[in-house]
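Trainee: One structure, as structure tokens, below. Some questions next.
The values are calculated or read from the model by the stated rules, or taken from the named source; none is laboratory data. Keep in mind that this is a model prediction, so the values were computed, not measured. Quick reminder, even Gly has a Cβ in these numbers, built from the backbone with ideal geometry, and neighbours come from all protein chains shown.
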Amino acid sequence: MNQTVCALRFFYGVTLGRSDLPERIAYAGTPRKLPVVLSADEVVGFPQAVKGTRNRVALMTTYAVGLRATEAARLQVTDIDSSRMVIRIEQGKGGKDRYVMLSPQLLEILRVYWRLTKPGRWLFPRRDGRGPIHPQTLGIACRAACEFLGVEKRVTVHTLRHSFATHLLEAGTDIRIIQVLLGHRSLATTTLYAQVSTAVIGRSQSF
């Protein structure tokens, strides 16, 4: 579609010398697909299918607080603030720091994980301990778990983030709070989850 627009702009602007017309010919917008979301039952069974303690806890954390893959991979031990029950996300998308909620359940999981693995600076380090786990490693672990469970949806690490937001919305959480937790600059980005929330869709039925 946009190739056609470029051709028309060139034809009118260069060939015909009509410099006033090309700017009136707008480019087509990029189609926005709805996010893939796991059901609550799929989320419950997911951790047991992830191989390796580090990968399992990293992906559980990703869903529990709605992280991007890179944010989960770069978590440091000092980012976990148990006194305030928050996790600091340093330099998220757009170079912005933010805080996300830390539930008592996740805190206990992280404490058990720390006692078992004794990570250094990075909460989820590489095998050699010289840096944080690579986001692609989490992606591979995520896909392997879904294949093991027979999940036919196209699931990525980001699907866990989508599921976190959608499940919060279905539980009645204010969408502006979800916006802050996800680190979205625009509320319009967050409202996309209302289109896949079964609870929101159900409430909108006319009869």
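Trainee: Looking at this structure, is Asp41 modelled with pLDDT of 85 or more, surrounded by 11 or more Cβ atoms within 10 Å (Cβ to Cβ) and out of contact with any Gly (no Cβ under 7 Å at 6 or more places or on another chain)? Even if it seems obvious, please write down each step before you answer.
Mentor: On the way: modelled with pLDDT of 85 or more: yes; surrounded by 11 or more Cβ atoms within 10 Å (Cβ to Cβ): no; out of contact with any Gly (no Cβ under 7 Å at 6 or more places or on another chain): yes.
When the stated conditions are applied, Asp41 does not pass them.
Trainee: Going through the stretch 44-89 one residue at a time, which ones are of a type in the set (D, E, K, R) and within 16 Å of Ala165 (Cβ to Cβ)? Give the derivation first.
Mentor: Looking only at the stretch 44-89, we keep the residues that are of a type in the set (D, E, K, R), and these are 51, 54, 56, 68, 71, 74, 79, 81, 84, 88.
If the condition is that a residue be of a type in the set (D, E, K, R) and within 16 Å of Ala165 (Cβ to Cβ), then Arg68, Glu71 are the ones that fit.
Trainee: Same structure again: Please work out which one of (1) in a loop (DSSP other than H, G, I, E, B); (2) under 22 Å from Glu42 (Cβ atoms); (3) over 16 Å from the mean Cα position of the chain (by Cα) is the condition Arg154 fails and give its number.
Mentor: (3)
Trainee: On to the next question. Which one is surrounded by the fewest Cβ atoms within 10 Å (Cβ to Cβ) among residues in the stretch 93-117 that are in a loop (DSSP other than H, G, I, E, B) and modelled with pLDDT under 95?
Mentor: The residue in question is Gly95.
Trainee: Right, here's the next one. Does Leu181 satisfy the condition of being touching a strand residue (DSSP E or B) at 6+ places or on another chain (Cβ under 7 Å), closer than 17 Å to Asn55 by Cα and among the hydrophobic types (A, V, I, L, M, F, W, C)?
Mentor: Numbers: touching a strand residue (DSSP E or B) at 6+ places or on another chain (Cβ under 7 Å): yes; closer than 17 Å to Asn55 by Cα: no; among the hydrophobic types (A, V, I, L, M, F, W, C): yes.
When the stated conditions are applied, Leu181 does not pass them.
Trainee: Could you tell me which of the residues Gly120, Gly172 is closer than 20 Å to Glu90 by Cα and not in a helix (DSSP H, G or I)? Explain how you work it out, then say what you get.
Mentor: Values: Gly172 fails: closer than 20 Å to Glu90 by Cα.
Only one candidate qualifies: Gly120.
Trainee: Closer than 20 Å to Ala72 by Cβ and within 18 Å of the chain's Cα centre (by Cα): is that true of Ser186 in this structure?
Mentor: No; evaluated as a whole, the condition is false for this residue.
Trainee: Also, quick follow-up: Looking at the stretch 160-194 only, could you name the residues that are in contact (Cβ under 8 Å) with a residue 40 or more places away in the chain and at positive phi?
Mentor: Gly183
Trainee: For the list (1) exposed (fewer than 12 other Cβ atoms within 10 Å of the Cβ); (2) free of Cβ contacts under 8 Å to residues at least 12 places away in the same chain; (3) of a type outside the set (Asp, Glu); (4) in contact with a helix residue (DSSP H, G or I) (Cβ under 7 Å, 6 or more places away or on another chain), I need the number of the one condition that Ser83 fails.
Mentor: (4)
Trainee: Just to be sure, is Arg84 closer than 22 Å to Ile177 by Cβ and at pLDDT below 95?
Mentor: no
Trainee: Which of the following residues is surrounded by fewer than 12 Cβ atoms within 10 Å (Cβ to Cβ), of a type outside the set (A, V, I, L, M) and either part of a loop (DSSP other than H, G, I, E, B) or out of contact with any Pro (no Cβ under 8 Å at 6 or more places or on another chain) (or both): Gly129, Gly139?
Mentor: Going through Gly129, Gly139 in turn, the sole match is Gly129.
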